[in-house]
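The structure appears right after this line, and notes come after that.
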Amino acid sequence: MKVVIDRFEGNYAVVELEDKRVCSMPVELLPKGAKEGSVIRIELDTEETDKRKERIQKLMDKLWE
Amino acid sequence: MKRLWIVLLTFVLLVGFIGCSSGGTSNIAPDDSDGNVDLSSPMNPTMPEDKSSGIPEGSSDEMPAAMPENEKNLMPLEVHFLDVEQADCILIKTPGQKAVLIDSGKNTHEDTVVSYIKSQGIDTIDAVVGTHPHEDHIGGLDAVINSFNIGKIYMPKVSHTTKTFEDVLNAIDNKGLKVTTAFAGTNIEVDPDLKIEILAPNSHTYDEINNYSAVVKLTYKNTSFLFTGDAESVSEQEMISKGYDLKADVLKVGHHGSATSTTAQFLKKVSPDYVVISVGKDNRYGHPDNLVLNRLKTFGVEIFRTDEYGTVIATSDGETIKFDKKGDENI
């Protein structure tokens, strides 16, 4: 999914979704260098997801009785 | 022979009078250059002809010819600040029955905005101003352009990458219209009774899109309105530096009451009696900012907020301005 930064309002970036709806996104979520008009691609990071699953599962296996 | 000429001349004159009187009383004569002046005067010697052909017996002399003028003078200027939540949309109805729209709410407001304008009996918007390409100002503009006859479109020459902006440009293009650049010094001429001037932007490039906002001053006789879009302190400072006459009775507070705008210096120059803040209830951006509200209170102005009153309608007869806070019943 791609969103476009329409404007900034305080600590929020107001982004336009592909169907023209807008929503507010805390600026902390923005990639570095994002400005008004920047297009942000939001996508799954499956590799990182799998890594985390594995790591947490190991911890759980250790801790659960 | 001489007698025949007199008869002919009398006939020509008679036909002439009848032609004039029908033109004068119907009030749709296109060539009103000097003919109307003569006909509207009750002292005019052609009036008896008028009377016999057009005016029902018993009517007073001044009734039909004077009515259209009186009616026109009785029409006040109306400025409707539509309740479009956290967005801007201002509809101006002029004494000469022209319509001007400044911004059009968000994408989600397009049906509301279109039906509100239609409910006002408007099918032609003579001038449309898109103050700047943010979605909360131009979101409904494509629908407006598609729904009404449009005169001229004014927008600052600044680009944006949203689909919202692209859709507005496509709507303009599909209708075969062009855009007039909104820049300081441009006059919007729709009604000779009014002066509508653009006071900002004053530069060609800014860091923030907000500062490209077209700032519009509307003057009707002794009353005036200033609509600032989302212009921030940078633009406010430029307008002050340029020495423009910023004094206005009513100020549409910039950027929904955000602290980025309405600096004390600017407020002092505008010196309004009334301000309107177009703002959404419980918006997450903290608009209007307490700093701005306190500043406005210090200046002793009367504040109308669309989140509290709904649509706010100001009417001016050219001398005094009245506010109707029950406008939301219309929306």
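The values are calculated or read from the model by the stated rules, or taken from the named source; none is laboratory data. As the structure is a prediction and not an experimental result, all values here were calculated from the model. Glycine also receives a Cβ, built like all others from the backbone with ideal geometry; neighbour counts cover every protein chain displayed. Side chains are part of the model used for accessible areas, which takes the heavy atoms of the whole protein and leaves out ligands, DNA and RNA. Shrake-Rupley method; radii C 1.70, N 1.55, O 1.52, S 1.80 Å.
Of note:
- Residue B:174 passes every criterion in (1) in contact with a strand residue (DSSP E or B) (Cβ under 8 Å, 6 or more places away or on another chain); (2) open to solvent by 10 Å² or more (accessible area, probe 1.4 Å) apart from (1).
- Among (1) within 9 Å of another protein chain (Cβ to nearest Cβ); (2) more than 23 Å from residue B:286 (Cα to Cα), the one test that residue A:6 misses: (2)
- Residues of the stretch B:121-139 satisfying the condition of being in contact with a strand residue (DSSP E or B) (Cβ under 8 Å, 6 or more places away or on another chain), part of a loop (DSSP other than H, G, I, E, B) and open to solvent by 10 Å² or more (accessible area, probe 1.4 Å): B:122, B:123
- Residues that are among the small types (Gly, Ala, Ser), facing chain B (nearest Cβ under 8 Å) and assigned to a loop (DSSP other than H, G, I, E, B), drawn from the stretch A:16-37: A:37
- Residue, farthest from the other protein chains (Cβ to nearest Cβ), within the stretch B:140-158, restricted to residues that are part of a helix (DSSP H, G or I) and open to solvent by 10 Å² or more (accessible area, probe 1.4 Å): B:147
- If only residues of the stretch B:318-331 that are assigned to a strand (DSSP E or B) and closer than 21 Å to residue B:87 by Cβ are counted, the one that is modelled with the lowest pLDDT is B:324.
- Number of the condition not met by residue B:85 [criteria: (1) outside any strand (DSSP E or B); (2) over 25 Å from residue B:157 (Cα atoms); (3) away from chain A (no Cβ under 14 Å)]: (3)
- Close pairs from the stretch A:27-48: first within 22 Å of residue A:7 (Cα to Cα), partner exposed (fewer than 13 other Cβ atoms within 10 Å of the Cβ) and of a type outside the set (S, T, N, Q), Cβ under 8 Å, at least 6 apart: A:39/A:2; A:40/A:2; A:40/A:31; A:41/A:1; A:41/A:2; A:42/A:1; A:42/A:2; A:43/A:1
- Any hit, the stretch A:32-52, residues being open to solvent by 100 Å² or more (accessible area, probe 1.4 Å) and aliphatic (A, V, I, L, M): yes
- Failed item in (1) within 20 Å of residue B:82 (Cβ to Cβ); (2) within 14 Å of chain A (Cβ to nearest Cβ); (3) free of Cβ contacts under 8 Å to residues at least 60 places away in the same chain; (4) not aromatic (Phe, Trp, Tyr), with residue B:163 passing the rest: (1)
- Residues located in the stretch B:274-296, provided they are in a helix (DSSP H, G or I), open to solvent by 30 Å² or more (accessible area, probe 1.4 Å) and within 14 Å of chain A (Cβ to nearest Cβ): B:290, B:291
- Residue that is touching an Asp or Glu at 6+ places or on another chain (Cβ under 8 Å), open to solvent by 20 Å² or more (accessible area, probe 1.4 Å) and modelled with pLDDT of 95 or more, where the choices are B:315, B:311: B:315
- Qualifying residue in the stretch A:15-26 (condition: in contact (Cβ under 8 Å) with a residue 24 or more places away in the chain, touching a Ser or Thr at 6+ places or on another chain (Cβ under 6 Å) and surrounded by 12 or more Cβ atoms within 10 Å (Cβ to Cβ)): no
- Residue tally, condition part of a strand (DSSP E or B) and open to solvent by 90 Å² or more (accessible area, probe 1.4 Å), over the stretch A:1-14: 1
- Test: residue in the stretch B:202-209 that is within 14 Å of chain A (Cβ to nearest Cβ) and within 26 Å of residue B:305 (Cα to Cα): yes
- Only listed residue being under 13 Å from residue B:134 (Cα atoms) and of a type in the set (D, E, K, R), chosen from A:28, A:9, A:54, A:47: A:9
- Exclusive hit being β-branched (Val, Ile, Thr), over 18 Å from residue B:89 (Cβ atoms) and within 14 Å of chain A (Cβ to nearest Cβ), set B:219, B:223, B:260: B:260
- Selection within the stretch B:102-120 - in contact with a Leu (Cβ under 7 Å, 6 or more places away or on another chain) and part of a helix (DSSP H, G or I): B:113, B:116, B:117
- Identity of the residue in the stretch B:93-106, farther than 15 Å from residue B:153 by Cβ and buried (at least 24 other Cβ atoms within 10 Å of the Cβ), that ends up farthest from the chain's Cα centre (by Cα): B:106
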